[in-house]
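Reading through the structure tokens given below for one structure.
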Amino acid sequence: MALNWVWVGFFTVAFATAVVRWLLGEHAILQALMTAMFDGARTGFEISLGLAGVMALWLGLMRVGERAGMIELLARLAGPLLRRLFPAVPQGHPAQGAMTMNISANLLGLDNAATPLGLKAMRELQTLNTEAPGTASNAQIMFVVMNTAGLTLIPTSVIAIRQSMAIKQGLGAGFNAADIFLPVLLVTFISLLAGVLAVAVCQRLPLWRARFLLPVLAVGGLLAAAVTALARLPAEEAARVAGATGAGVILSVVMLFVLAGAFKRVNVYDAFIDGAKEGFGVAIQIVPYLIAILIAIGVFRAAGCMDYLMSGIGLAVAALGFNTDFLPALPVGLMKVLSGAGARGLMIDVMQVHGVDSFAARLAAIVQGSTETTFYVLAVYFGSVGVQHARHALACALFADAVGLVAAIGVGYAMLR
């Protein structure tokens with residue numbers, strides 16, 4: 001129901017704004033809304049079509065891993081932590097392995113791998129869903145909110161954009177394009193923790209017990225060790241190591257699945273084809289859900305509602321006497337909730353206007369690297385299993401986004417000024 005009212009709200013506010021602007025003489029505004037609707041529909045289909053191949057690849061490999069027993073092994077390794085977050089998922093269930101691989105891919109910044117693995121996990125979780133038809137289960141909500149937090153070790157794509165912009169603007173070799181990765185990691189961890197705690201409160205999960213805290217501390221320790229090691233490397237080498245590590249891990253998993261299947265005399269080729277067929281079906285199933293959210297976001301942007309929102313926030317911040325240096329980067333965070341491509345464009349615009357080495361540009365890069373496209377994730381993940389009633393998922397995800405945005409501003413002032 002929450003997504004329903006958000007969807008209706010986008011259209012209502014956008015249409016009312018457009019009518020007012022039309023009455024004031026902006027006669028092209030209604031045509032702009034129409035264009036945004038058709039563009040959103042086309043983009044949604046193109047994204048789904050592009051995802052079909054990736055889905056077929058990864059769900060095919062996942063099917064090989066299932067029949068080889070490797071998914072069950074991964075589930076057992078991650079069991080101590082996942083049992084606390086997902087008490088309704090039985091030990092050794094295939095969903096645990098899929099969730100483990102999805103979280104690992106997100107951590108390494110491998111979006112093309114993370115999304116198919118996440119959709120596979122959602123389908124496995126759906127087999128355990130005892131809620132009414134079309135209603136999200138507690139486990140699905142926790143998993144989706146964790147994905148909207150987007151915990152990433154190093155935002156490789158953002159670093160690459162900063163490096164490219166630095167070269168374009170003629171900055172010297174002393175420019176450190178990767179100086180944002182520690183702030184990004186810190187902000188994403190805060191956002192993830194906020195989202196998990198919000199869901200835990202709604203679902204009354206006892207996360208304060210030692211059985212949960214100890215695995216979290218263990219994972220946090222490993223994460224801190226990895227960050228410390230990368231922090232000692234030069235910027236370019238750190239980015240290169242992160243990218244090579246991600247690729248190496250994924251390729252190693254692929255070979256492990258294939259060789260384990262061959263060792264256990266699984267027909268690896270037939271298993272891959274069977275899983276790939278499922279992946280193609282999932283990609284087609286999410287088309288209407290993705291189109292629905294993209295056209296709503298498109299008309300909201302085309303009507304100028306985002307610009308008005310930013311102007312209002314700026315006036316409020318200035319009236320309170322707070323420092324407003326962060327305002328140029330704020331649209332990136334607000335847009336990232338709605339559109340990843342839109343937020344990327346806004347980040348590049350900030351870099352062009354203020355300079356890639358400015359505070360505003362670095363803060364925009366932190367926001368871009370540490371936030372996720374919440375509405376896109378909700379539409380794709382819930383759409384893949386036909387969930388229409390997200391319950392408290394949207395509220396918890398938006399709470400995590402808000403905490404992450406505030407944390408990004410605070411960390412930016414603390415570490416980049």
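Once fully extended, how much extra length lies between LEU73 and LYS277, figured as 0.36 nm per residue of separation less the alpha-carbon to alpha-carbon distance? Walk me through the numbers before you get to the answer.
Values: separation 204, 0.36 × 204 = 73.44 nm, distance 2.43 nm.
Computed gain between LEU73 and LYS277 is 71.0 nm.
Got a sec? How would LEU290, LEU309, LEU193 order by Cβ neighbour count within 10 Å, fewest to most? Working shown, then result.
Working: LEU290 24, LEU309 15, LEU193 18.
Ordered by Cβ neighbours within 10 Å, fewest first: LEU309, LEU193, LEU290.
Within a straight-line Cα-Cα reach of under 27 Å, LYS264 can be paired with the following lysines, leaving aside sequence neighbours fewer than 8 residues apart in one chain: LYS120, LYS277. If R0 equals 25 Å, the separation of the Cβ atoms of PHE45 and GLN388 corresponds to a calculated FRET efficiency of about 0.80.
Note the full-extension length gain between PHE11 and LEU128 as 0.36 nm times their separation in residues minus their Cα-Cα distance, in nm to one decimal.
Working: separation 117, 0.36 × 117 = 42.12 nm, distance 3.47 nm.
Value of the extension gain: 38.7 nm.
Exposure proxy ranking for THR374, THR17, based on other Cβ atoms within 10 angstrom of each Cβ and starting from the fewest, stands as THR17, THR374. Going from the fewest other Cβ atoms within 10 Å to the most, the residues SER104, SER252 appear in the order SER252, SER104.
Which value, in debye to the nearest 20, gives the size of the charge dipole of segment 277-387 about its Cα centre, when Lys and Arg are +1 and Asp and Glu are -1 at the Cβ? Each step should come with its number before you reach the end.
Numbers: 5 positive and 6 negative charges, 38 e Å.
It works out to roughly 180 debye.
Summing Lys, Arg as +1 and Asp, Glu as -1, what charge do residues with Cβ under 10 Å from the Cβ of ALA95 carry, ALA95 excluded? It works out to a net charge of +1. The distance between label points at HIS27 and THR135 comes to 5.2 nm (points 7 Å beyond Cα on the Cα→Cβ vector). Using 0.36 nm per residue and subtracting the Cα-Cα separation, the extra length available between ARG265 and SER311 on full extension is 10.2 nm.
Values quoted throughout were computed directly from the atomic coordinates according to the rules given, and no laboratory measurement underlies them. Computed from a predicted model, the values in this text were never measured in an experiment. Cβ sites come from the backbone with ideal geometry, for glycine too, and all protein chains shown count toward neighbours.
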